[in-house]
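Readers should treat all values here as calculations from the given coordinates under stated rules, not as data from a laboratory. Please read all numbers here as calculations on a predicted model, not as lab measurements. Virtual Cβ from ideal backbone geometry, glycine too; neighbours counted across all protein chains shown.
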Amino acid sequence: MIKLLNVYYPTRTVVLILCEAFIVCGSFVLASALVLRGETFNVLGHDHGIMKIAILTVCTILCAYYFDLYEPQHISARWEIYFRLLLVMGCLAFALSAIVYVFPQAAIARFVFLLGLILVVAGLIAWRSAFEWISGHAVFQERVYVLGEGERASAIIETIREHREAGMVVVGWDAPAVDKAQRKRTFATAVEQMASETSIDRIVVALDERRGELPVDGLLAMRFRGVTIEEVGSVLERLTGKLQLDGLRPSDLLFCEGFRMKPSQQFLLRIASTLVAAIGLILFLPLFPFVVLLVRLSSPGPVFFRQERVGLNGKIFNVYKFRTMVVDAEAEGAQWAQKNDPRVTRVGQFMRKTRLDEVPQLWNVLRGDMSFVGPRPERPEFVSWLAQELPFYEVRNMIRPGLTGWAQIRYGYGATLEQSREKLAYDLYYVKHQTLGLDLLIMFETIKTILRRRGAQ
C-alpha cells in the first residue's frame, strides 16, 4: 500500500487512477489529432489545448471519485461500475456543452470534445474489464498467512476479504486450540511448513497472547528470506483507517510514531482553520437571510441554537448551530439524535443532510473553540459516561474538536455506545496521524460526504 498524506491507499487503486488519467488525456489528444490533423501541434501547443485537456482529465477523475468508482466496497456488482462510468461521462458531456455554449473559446475545435468523449467511454470500459481480469490473476495477489487464532485472527481475515482492492488473499490460518502448549506446537509447526514453501508473501501475527507462544526463531528465518512479518493491529489500521481498540495499551500510544503535537504543526493547523472558516463565512453571507427565514417559518422559536460541548483539554464551551428541532426537544433530558427523529423539523432535515445547520460553528472556529478539522465535540453529559465505558476516550480531547473530521467522512453519526466506540477508533487514528496534509484531505472528502448526503441524522 502507498502512504499519501498519512493515509494508506492500495497500490492497485493508485495505478487505476493514474492509468485512467492517461486514458482520458490520451483520448482527447487522439481526438484532436483525428479532427485537426496537420494543425494539431499548433492548436494544442499555442492555443492552450493541452491545458484544456489537462483540466478535462482532472475533472473526469474527480467526477469518477465522487461517484465512488475508486472505492469498490461501495459497489456491489460489475454492471454498476459501467453504469457509474456512463453517469460520469453524462455529467461531463452536460458540463462541457454548457461551458462551450457560454464560453465558445473554451472549445478546442469542432467535434473534438464529442469524439474525445466517445473514445474515453470506450477506453475506460475496456480498461476496467482488463484491470479486473489482471488484478484477479494469482500473480498479482499477495499471499497472506494469518498466524493466530480467536477474534483477532477472524477480524483480519474478514477485513482482507472485504478489502479486495488491497490485493491480498488469505492462504491459510491456524485453528484455535484450548491448551497453551498445544497452541505453541501448532504455531511452530505452521511456521516450519511455511519455511518449506516459497509462495507466502506476508505473515500476519494475530496471537491473543504472544508470551510463550510466538515461534520467534521460525519467524526470524522467514523474515530473512524476504517474507514480511507484521502485527495484526498494523495491518488492520492500514486497511480500515482506524485504530484497533481491542488490545490497545498505553505503551502503544507512548512508543509509536504518532501522537506527537508539535507547536509549529499546531500553529499551521490553526492558521489553516482560521482562513477556511473566514472564507466559508464570507461565502455564506448571501445565503444567510434565506436560511434565517426558513428556520423562522419551520417552527416557532429562535433561529440559533446554543449547546455546551467539551473542547480542548476538557474545557466547556458553547457551540452554535441553526435550530433544526422544535423548541424544548430535550425536555426529558439530553439524548442523541436518531434516524428520522420526530423532533427534527422538515426544514431541519434538509439542513442536517446538507450540513447547513453547522455553518454557525465557523464562528466557533474563528474564536478558537474549535478547529475546522478534528474529532466532533461531544456534550458533557455524554463525555463523562463515554470516558468510563470506552478506553482512551479522553485522548480525543487533547486536540481541538472540529467542524468535520476523519470519523465523519469515514463512519458518520454515532447515537449508541457501540457506534461511539467505532467513531473513537477513527478519532484516535486522526489524533495519531494529524498533519496539515491530512486536514486538507479531510476537507476535500467532506465535500463528497455532503454532496452524497452521508452520515447525518
Of Val232, Tyr101, Ile447, whose Cα points farthest to the positive end of the dipole of the chain (charges on the beta-carbon: +1 Lys, Arg; -1 Asp, Glu; origin at the Cα centre)?
Tyr101
Considering only the chain, what is the antiparallel percent among its DSSP beta bridges, to the nearest 5?
40 percent
Round to a whole angstrom and tell me the spacing of the C-alpha centers of the stretch 20-56 and the stretch 229-247.
45 Å
Ordered by fewest other Cβ atoms within 10 Å, a rough proxy for footprinting exposure, Val344, Val139 read Val139, Val344
Neighbouring Cβ atoms within 10 Å as the yardstick, rank Tyr413, Tyr426 fewest first.
Tyr413, Tyr426
Could you list which residues have their amide H under 5 Å from that of Gly405, counting only those 5 or more apart in sequence or on another chain, with H placed in the peptide plane?
Gly374
Ranking Cys256, Cys59 by Cβ neighbours within 10 Å, fewest first, what do you get?
Cys256, Cys59
For the stretch 2-135, state what percent of all Cα-Cα pairs lands in each successive 5 Å bin, counting from 0 Å until the bin that includes the largest distance.
2, 10, 19, 22, 18, 13, 9, 6, 2, 0
Would you give the gap between the C-alpha center of the stretch 124-153 and the C-alpha center of the stretch 393-457, rounded to a whole Å?
29 Å
For the stretch 380-393, 3J(HN,Hα) per residue [Karplus equation, 6.51 cos²θ - 1.76 cosθ + 1.60, θ = phi - 60°, Hz, x = Gly/Pro]:
x, 4, 8, 4, 4, 6, 5, 5, 7, 8, 10, x, 6, 5
Mind listing the long-range amide H neighbours of Val359? Cut-off is under 5 Å, sequence gap 5 or more, other chains count too, H placed in the peptide plane at 1.01 Å from N.
Phe322
Rounded to two decimals, what is Rg over Rh for the stretch 43-84 when you use alpha-carbon atoms and the Kirkwood radius?
1.23
Rg/Rh for the stretch 226-353 to two decimals, with Rh computed the Kirkwood way over all alpha-carbon pairs.
1.11
With N set to the number of residues, divide the alpha-carbon radius of gyration of the stretch 263-451 by 2.2 N^0.38 Å and report two decimals.
1.00
What order, most packed first, do the peptides 317-327, 287-297 have when packing is the mean number of other Cβ atoms within 10 Å of each residue?
317-327, 287-297
Over all pairs of different Cα atoms in the stretch 356-450, the reciprocal of the mean inverse distance gives a Kirkwood radius in Å of 13.6 Å
For a bin width of 10 Å, list the pair-distance distribution of the chain built from all Cα-Cα distances, rounded to whole %.
4, 16, 22, 23, 20, 11, 4, 0
